[in-house]
1. Let me check I've understood the local charge: for A:Ser183, count other residues with C-beta under 13 angstrom from its C-beta, Lys and Arg +1, Asp and Glu -1. What total comes out?
2. What is the average number of partner chain Cβ atoms found within 10 Å of a Cβ in B:42-53?
3. With a 10 Å Cβ neighbour count serving as the proxy for reagent exposure, in which order, fewest first, do B:Arg204, B:Arg114, A:Arg84 appear?
4. Once you've got the Cα coordinates, tell me which of A:Lys111/B:Lys90; B:Lys129/B:Lys262; A:Lys199/B:Lys48; B:Lys48/B:Lys90; A:Lys94/B:Lys206 are over 31 Å apart.
5. Please arrange A:Arg204, A:Arg120, B:Arg269 by how many other C-beta atoms lie within 10 Å of their C-beta, fewest to most.
6. Could you compute the net charge surrounding A:Met105? Neighbours are other residues with a C-beta less than 13 Å from the C-beta of A:Met105; K and R count +1, D and E count -1.
7. What ranking do A:Phe47, A:Phe129, A:Phe102 get, fewest neighbouring Cβ atoms within 10 angstrom at the top?
Amino acid sequence: MPIRTDPYGLLAAAFALTFALAALPAAAQAPAATTTAERPELKGPDFTGVYQLVPSGASLPGGLRNQGGPEEIPLQPAAQATARASSPKDDLAKLCMPVGPFRMMAWDGNKMDVYRSPGRITMLYENYFLGHMRTIYLDRPHTPGAPLWVGDSVGRWDGDTLVVDTNRFNEHTWLNSAGAPHSEDLRLTERYRLVDGGKYLEVRMTAEDAKVLTGPYTYTRYYERVNTEIQEDICNDDLETVVE
Amino acid sequence: MNRVPGTLWRSAMGVIVIAGLCALPSVAQTSSNASGKKTAAPAGWQEKWVGMYEGQDREGKIAPPGFKVLYPPEPDTIELVDSLLQPWAKARGLTTSYELEDPGQICRPTGPLRGNATSEFELLASAEKITIVGGTGGGILTGGIRRIYLNRGHLKNPPLTYYGDSVGHWEGDTLVIDAVGFNEKTWFSRDPQRHTEALHIRERWKFVANDGWLEKTITVDDRFALTAPYTVTRYFEKLPDATAQPERLCLDTPEARRAWIKLYKRYERDYEEERKNMGSNVSLTEER
């Protein structure tokens, strides 16, 4: 019989403690809030649903189309050199690790479901090994802490548009498949709105990183609201396809 | 050693899966109707149910005031399952490798009977589904994402997955869940207690203790692996709305992930070698 070690059992205990501590200030803040302050997710349109990325090149009603993309991001010379020196086998997508929101929101075939809960909007990706999950906390400032794979996302409504501001990224992810690096200063601004009577979700994604980019860069993607279910997609189910 | 049950199981699979999948939804239908009546979703259920929950696997085996923990969390579940496992399933467990097959250690989902049944999680909801996210220290990679569909019956031919095909309906304030269509990669518990694709999980979730706690009564059956079904009850404390969802990742640096993949592939080669030396002509890759 093999001897078992259970790192996740121990981790779970550690996280339970972190969890309990994280809950304390929240409990202290909760009272005395008005209804709108408690439920900022209700201030804008309901984005709840399943979405699939519209293929690049597709033309939508009103001449809407995907524009730009991670591959076109303008890098400073040093970053260009870093990207050139990278190898495709170093792409963390090949290890089934998160690729970061900047790449994920433009990932071919990306499918996600969106939920709203008190004070937050959540995005789950079908390929959740690459996309992980996003929790967007509404009407709340950024919180300090260790760098994260998907960053710390806060959102607010600008009329019918959800504006999401994300910082606190780790430096593991690339900005595109060609190895474009970023620093911990990376900041993403996403503007989400429903278009064409709610059939499509538009996202305008802007990346800023003064250490790496020549300036802010924005791409646009459209997601179709679809009537299908998200499937269970386990990226590392077959390790033969995962590079060593 | 595990060729006999494995092969028997596989050769019988075509017939069993088809028969089982035809039979299960009707069985589930009958049993849920017998225990209660389907009702419309309770008003405001989404607002009440969504949020973060604290697991019962915390030190001290917490339960809400006045509620008894019927079966405390593992290791007692392990003993319970052990008393019900059919001999071949026990033998299958003995030939199971933690390094190669424990989903919790290889960054794969542990299924609804492990993390989801003990650790903290988040519930998300829309009109047509309730989604349970996470449930172990490995985050969503091991805790998984399980979607419970509220407005449909079981799929006629569901893909066999880690979390199965889960459907739910309301009986008053209780959410009644029926899940079938599982693959064989997850375990009954943290021990290698193996189930088959006939795993059938029925759950009743309801709020207790002034709506501060979610009670899950989980009934597990697998007519090919267990001699009888078993039922456990678990409690989860609802946390304040503002509680953050922590980012957790199994093997969370590229270095750790690469080192592990290397190690895994080495284990796989060693295991294969060991089996050859034992005179077995069964290849692990064929088995899997």
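Read-outs throughout are calculated quantities, based only on the coordinates presented, and are distinct from any laboratory measurement. From a predicted model like this one, the values you see are computed outputs, not experimental measurements. Methodologically, a virtual Cβ is constructed for each residue, glycine included, from the backbone with ideal geometry; neighbour enumeration extends over all protein chains shown.
1. Local net charge: -2.
2. That works out to 2 on average.
3. By the 10 Å Cβ count, ascending: A:Arg84, B:Arg204, B:Arg114.
4. A:Lys111/B:Lys90; B:Lys129/B:Lys262; B:Lys48/B:Lys90; A:Lys94/B:Lys206
5. The most exposed by this proxy come first: B:Arg269, A:Arg204, A:Arg120.
6. After counting each charged neighbour, the total is +3.
7. A:Phe47, A:Phe129, A:Phe102
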